[in-house]
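Just below is one structure, and these are the notes that go with it.
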């Protein structure tokens, strides 16, 4: 199958892992996202229909993957091929509900948001597709497990006052850890977790994160906060992963499983087996393509039949949240706005750029 793939490329993104999974399964992938240092791409104002038409072969599917940085495809609602989006951070804000209205099918990483997105788009082609592990990166490297606790993730300035940051400080003061504040390349993530007895996880807003799958795939015991969003359906709690309730419970369970090696390793092996059997990106890709190639799949994006004004209002909200000033101004020109109206439309986008 030939698939056009739009996302902001970086080597730890879910999009990067999904792209390689598609290729590993024999599908042809054409990248149509933003340019970066390692690969060419397209400007935010180029209509995706023009990009697709210029390709040597028409793709059979367009897939947009969140987070996409400052990229949202202009004219996606006009493509003659099925269009799909994979929304990951649905637990952060509501603007992705506008994104969903531009696509024929919506896959979301957090189960508890299914009904909200079905209401937003007005149909049932909305599916739960959890995050996963990349088996060529996240595997047991057979290294000595020299870290009591391992963690790779975002604790930049914006996240330094969160529960995650507080708990990492507590852990660092009591146990041997990797350097939490380093930026790790994809191949290093698997190595860190392969050197860790326990992988610590703390969600940002009750989400089931990539770390749960990556840590288990590498053969470490994953100790995560107790969240919903289908965690108990993905893993058997207490047998394949362990959850904690608060700071005190976290420290108590770290101490317990570090001193009960056989029990820790039994849970870690069970979690690894579950992940490698069911929770890899090739598994997720296979599920997505099974759905979009089914005989009853329909091109049902609400924006395919919406008025130009309705399309613009939805797109404007997306552009503002993605800080896409050039695309926003280009849209105001196509809508025939005068200078004053164009300026008023751009102000929220400019403010977000200054603040964030």
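Any idea which residue in region 273-322 is farthest from residue 108 (Cα to Cα), counting only those that are part of a loop (DSSP other than H, G, I, E, B) and under 20 Å from the mean Cα position of the chain (by Cα)? If we take residues in region 273-322 being part of a loop (DSSP other than H, G, I, E, B) and under 20 Å from the mean Cα position of the chain (by Cα), then 322 is farthest from residue 108 (Cα to Cα). Any residue that is in a strand (DSSP E or B), farther than 19 Å from residue 311 by Cα and at pLDDT 90 or above - is there at least one of those in region 80-101? Checking region 80-101: at least one residue is in a strand (DSSP E or B), farther than 19 Å from residue 311 by Cα and at pLDDT 90 or above.
Counting only residues that are out of contact with any helix residue (DSSP H, G or I) (no Cβ under 8 Å at 6 or more places or on another chain) and assigned to a helix (DSSP H, G or I), region 323-352 holds 9 of them. Just one of the listed residues (69, 75, 41, 49) is within 19 Å of the chain's Cα centre (by Cα), under 25 Å from residue 314 (Cα atoms) and not assigned by TED's automatic domain parsing to the domain that holds residue 153, and it is 69.
Take residue 131 and decide whether it is touching a helix residue (DSSP H, G or I) at 6+ places or on another chain (Cβ under 8 Å), in a loop (DSSP other than H, G, I, E, B) and either more than 30 Å from residue 195 (Cα to Cα) or in contact (Cβ under 8 Å) with a residue 60 or more places away in the chain (or both). Considered against the rule, which asks whether it is touching a helix residue (DSSP H, G or I) at 6+ places or on another chain (Cβ under 8 Å), in a loop (DSSP other than H, G, I, E, B) and either more than 30 Å from residue 195 (Cα to Cα) or in contact (Cβ under 8 Å) with a residue 60 or more places away in the chain (or both), residue 131 comes out as yes.
Here residue 271 fulfils each of the conditions (1) out of contact with any strand residue (DSSP E or B) (no Cβ under 6 Å at 6 or more places or on another chain); (2) crowded, with 16+ Cβ neighbours inside 10 Å apart from (1).
Okay, residues lined up against (1) within 27 Å of residue 93 (Cα to Cα); (2) at pLDDT below 95; (3) not assigned by TED's automatic domain parsing to the domain that holds residue 275:
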position: 182; (1), (2), (3): no, yes, no
position: 188; (1), (2), (3): no, yes, no
position: 195; (1), (2), (3): no, no, no
position: 216; (1), (2), (3): no, no, no
position: 223; (1), (2), (3): yes, no, no
position: 248; (1), (2), (3): no, no, no
position: 251; (1), (2), (3): no, no, no
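Applying the condition of being over 20 Å from the mean Cα position of the chain (by Cα) and surrounded by 24 or more Cβ atoms within 10 Å (Cβ to Cβ) to region 194-217 and asking which residue is nearest to residue 245 (Cα to Cα) yields 198. So, residue 89, is that one farther than 18 Å from residue 292 by Cα and within 16 Å of the chain's Cα centre (by Cα) or not? Here the answer is yes, as residue 89 does meet what is asked.
Scan region 162-173 and tell me whether some residue there is assigned to a loop (DSSP other than H, G, I, E, B), free of Cβ contacts under 8 Å to residues at least 12 places away in the same chain and not assigned by TED's automatic domain parsing to the domain that holds residue 60. Checked against the condition, which is being assigned to a loop (DSSP other than H, G, I, E, B), free of Cβ contacts under 8 Å to residues at least 12 places away in the same chain and not assigned by TED's automatic domain parsing to the domain that holds residue 60, region 162-173 yields at least one hit.
The values are calculated or read from the model by the stated rules, or taken from the named source; none is laboratory data. Keep in mind that what you see is a predicted model, and the values were worked out from it rather than measured. When we count neighbours, we look across all protein chains shown, and the Cβ atoms used for this are built from the backbone with ideal geometry, even at glycine.
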